[in-house]
Structures are given as structure tokens and as C-alpha cells.
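Take a look at the structure below.
The values are calculated or read from the model by the stated rules, or taken from the named source; none is laboratory data. Model, not experiment: these values are computed from the prediction. Counting neighbours? That spans all protein chains shown, and the Cβs are built from the backbone with ideal geometry, glycine included. In case anyone asks, the SASA skips ligands and DNA or RNA and just uses the protein heavy atoms, side chains included. Shrake-Rupley method; radii C 1.70, N 1.55, O 1.52, S 1.80 Å.
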Amino acid sequence: MNVDKDNYLSSVIEKLKMAQNNEQVESIISTAVNGIKHAGYTGMQKTFISQLQLWIEELSPLDWNSTQWACFRYALIYSRKYSANELVQG
């Protein structure tokens, strides 16, 4: 499962790198978390969100263009809100 989990996280990160706005970021994260849930790995949702947050927190704004940086920062905000609201309920 670790390899699949890492590949899944990498896939989501690649999609976030291509996001152009907040709506796309929300869609990418929601789809990713729902995909974990539908695959029967409900317990992995919090781990996935935590790993995504950690990856974003370690980024440097110097490595990304302004759109990417804005989307990453929004992804961090949205993932925190998502984990506080959705994951606690489910």
C-alpha cells in the first residue's frame, strides 16, 4: 500500500501543479479524498491530507510561478478546512 499511496500523492501533487484557480484546487483535493474513500481506505484520508499539507508547507515560493504558488497556498488552506470539516464527520 505504501507505494500506491506515494504514487497517489504524487499524482495529486502533479495535478495541483497544473491548477489555475481555487475551484480547480478544491476539485482536485475533493476528488482525491473521495477516491481514497471509495477504494475502501477511509482510514487513509487523514494521512493523505497530512502528507499533502506537509509537502506544501515545505515549498519555497521562489520555485513556483505566482499562479502555482497561489494555488498551493489555497490547497493548504482548503485541505485544513476539508480535514476539519469532512474528515472529522466521516
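Details
- Criterion (open to solvent by 60 Å² or more (accessible area, probe 1.4 Å) and either at pLDDT below 95 or among the polar types (S, T, N, Q) (or both)) met by exactly one of 51, 89, 68, 45: 89
- Of all residue pairs spaced 6 or more apart or on separate chains, none has beta-carbon atoms under 7 Å together with a first member in region 58-79 that is in contact (Cβ under 8 Å) with a residue 60 or more places away in the chain and a second member that is in a helix (DSSP H, G or I) and surrounded by 14 or more Cβ atoms within 10 Å (Cβ to Cβ).
- For region 12-40, the set of residues classified as free of Cβ contacts under 8 Å to residues at least 40 places away in the same chain and open to solvent by 50 Å² or more (accessible area, probe 1.4 Å) consists of 14, 15, 18, 23, 27, 31, 34, 38, 39, 40, listed by residue number.
- Consider region 73-86 and keep the residues that are closer than 16 Å to residue 50 by Cβ and aromatic (Phe, Trp, Tyr). The one that is modelled with the highest pLDDT is 78.
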